[in-house]
Amino acid sequence: MSELSSNGVVAYDVEDGIAWVRFNRPDKRNAMSPTLNRDMMEVLDALEFRDDVGVLVLSGEGASWTAGMDLKEYFRETEAQGLAGTRKAQRESYGWWRRLRWYQKPTIAMVNGWCFGGGYGPLFSCDLAFAAEEATFGLSEINWGILPGGGATKVAQELMPFRKAMYHAMMGENIDGKKAVEWGLVNEALPLAQLKDRVTEVAQVLLKKNPVALKATKDAMKRVGVMSYDDAEDYLVRAQEAANSFDNHGRKEGIRQFIDEKSYKPGLGAYDKDRVKA
């Protein structure tokens, strides 16, 4: 049975090491309200260091992933509170996206339907992204008179080739899951009926990896993109040393299983992290 956040707008289940977290406002196409943003931070807090959670998957109830920001609750009602209300709402939304971006566990966006505007924030924050071919992606802000905010412009620029990003942001036209792969927004697109099975398969592979190495790897991939080669080289040396301090056994165990036991090949899979030398 699903668990619900304090206000019921986020639902989640934990099964076999995977936390299935869902936007839970299907009647509103899972639009992100200030209440949902607060509840999502609550759920991320609750799951991040649970021993029975190794991977977090973010999806949506019903036919949508998220239609972006709730125009009434996020914009009109917070703007009525003046600058203080607007800044508070921004902190709460950007805050959980940032938290998700640097999450302790690997994260996967499972885009089952509509993904619009502000939804590009959590989409980008997840380490991997898989979509239904039937899903719909769009930066519709230009159609109602604003620029793609909430980091959406940066996400488009970061993930997509320049000309495609410009077209996407300026035209306000939607694309489907197949084109989202072609344009770089997601890793893969599959028929909706196959989407959860594929995401489960990927999550199960991640669950077999060393969790300290996974965290160090995903952070490194995100950090080095803005560094010079020399700075990245230095950062990665320090990152490996830091990872060793958290789990020096894991690295040595993997080498032992390869060299001494010859029980696995690094190029073909992960070492057995649940085994220790007798």
>> Filter the range 121-136 down to the residues that are within 16 Å of the chain's Cα centre (by Cα) and without any contact (Cβ under 8 Å) to a residue 60 or more places away in the chain and list them by number.
In response: 121, 124, 125, 129
> For the range 209-228, what are the residues that are open to solvent by less than 60 Å² (accessible area, probe 1.4 Å) and assigned to a helix (DSSP H, G or I)?
Replying inline: 212, 213, 214, 215, 216, 218, 219, 220, 222, 224
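Which of the residues belonging to the range 107-130 are over 21 Å from residue 54 (Cα atoms) and either open to solvent by 10 Å² or more (accessible area, probe 1.4 Å) or not aromatic (Phe, Trp, Tyr) (or both)? Step through it out loud before you land on a result.
First, the residues of the range 107-130 that are over 21 Å from residue 54 (Cα atoms): 112-121.
Scanning the range 107-130 gives 112, 113, 114, 115, 116, 117, 118, 119, 121.
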>> List pairs: first residue in the range 45-57 and closer than 15 Å to residue 5 by Cβ and at pLDDT 95 or above, second residue open to solvent by 10 Å² or more (accessible area, probe 1.4 Å) and part of a loop (DSSP other than H, G, I, E, B) anywhere in the structure, Cβ distance under 8 angstrom, at least six positions apart or on different chains.
In response: 47/105; 48/104; 48/105; 56/105; 56/106
> Out of the residues in the range 229-272 that are hydroxyl-bearing (Ser, Thr, Tyr) and open to solvent by 40 Å² or more (accessible area, probe 1.4 Å), which is farthest from residue 101 (Cα to Cα)?
Replying inline: 263
> What number goes with the only condition from (1) modelled with pLDDT under 95; (2) crowded, with 21+ Cβ neighbours inside 10 Å that residue 142 does not pass?
Replying inline: (2)
>> For the structure I just gave you, tell me whether residue 79 is over 13 Å from residue 58 (Cα atoms), free of Cβ contacts under 8 Å to residues at least 12 places away in the same chain and of a type in the set (Asp, Glu).
In response: yes
> Hey, residue 231 hits all of (1) touching a helix residue (DSSP H, G or I) at 6+ places or on another chain (Cβ under 7 Å); (2) assigned to a helix (DSSP H, G or I); (3) acidic (Asp, Glu) but one; which does it fall short on?
Replying inline: (1)
> Got a sec? Which of 159, 128 is aliphatic (A, V, I, L, M), under 30 Å from residue 197 (Cβ atoms) and touching a Leu at 6+ places or on another chain (Cβ under 7 Å)?
Replying inline: 159
>> I'm trying to understand the selection: among the residues of the range 1-58, which are open to solvent by 10 Å² or more (accessible area, probe 1.4 Å) and of a type in the set (Phe, Trp, Tyr)?
In response: 12, 20, 49
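To keep it simple, each residue is scored yes or no on (1) surrounded by 15 or more Cβ atoms within 10 Å (Cβ to Cβ); (2) of a type outside the set (Lys, Arg); (3) assigned to a loop (DSSP other than H, G, I, E, B).
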{"position": "146", "(1), (2), (3)": "no, yes, yes"}
{"position": "153", "(1), (2), (3)": "yes, yes, no"}
{"position": "158", "(1), (2), (3)": "no, yes, no"}
{"position": "165", "(1), (2), (3)": "yes, yes, no"}
{"position": "173", "(1), (2), (3)": "no, yes, yes"}
{"position": "179", "(1), (2), (3)": "yes, no, no"}
{"position": "193", "(1), (2), (3)": "no, yes, no"}
{"position": "197", "(1), (2), (3)": "no, yes, no"}
>> When the residues of the range 199-208 are narrowed to those that are buried (at least 18 other Cβ atoms within 10 Å of the Cβ) and not β-branched (Val, Ile, Thr), which ends up farthest from residue 269 (Cα to Cα)?
In response: 203
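The values are calculated or read from the model by the stated rules, or taken from the named source; none is laboratory data. Because the structure is a prediction, the values reported are computed rather than measured. So basically every Cβ, Gly included, is an ideal-geometry build from the backbone, and we count neighbours across all protein chains shown. To get the accessible areas, we keep the full protein, side chains included, count just its heavy atoms, and leave off ligands, DNA and RNA. Shrake-Rupley method; radii C 1.70, N 1.55, O 1.52, S 1.80 Å.
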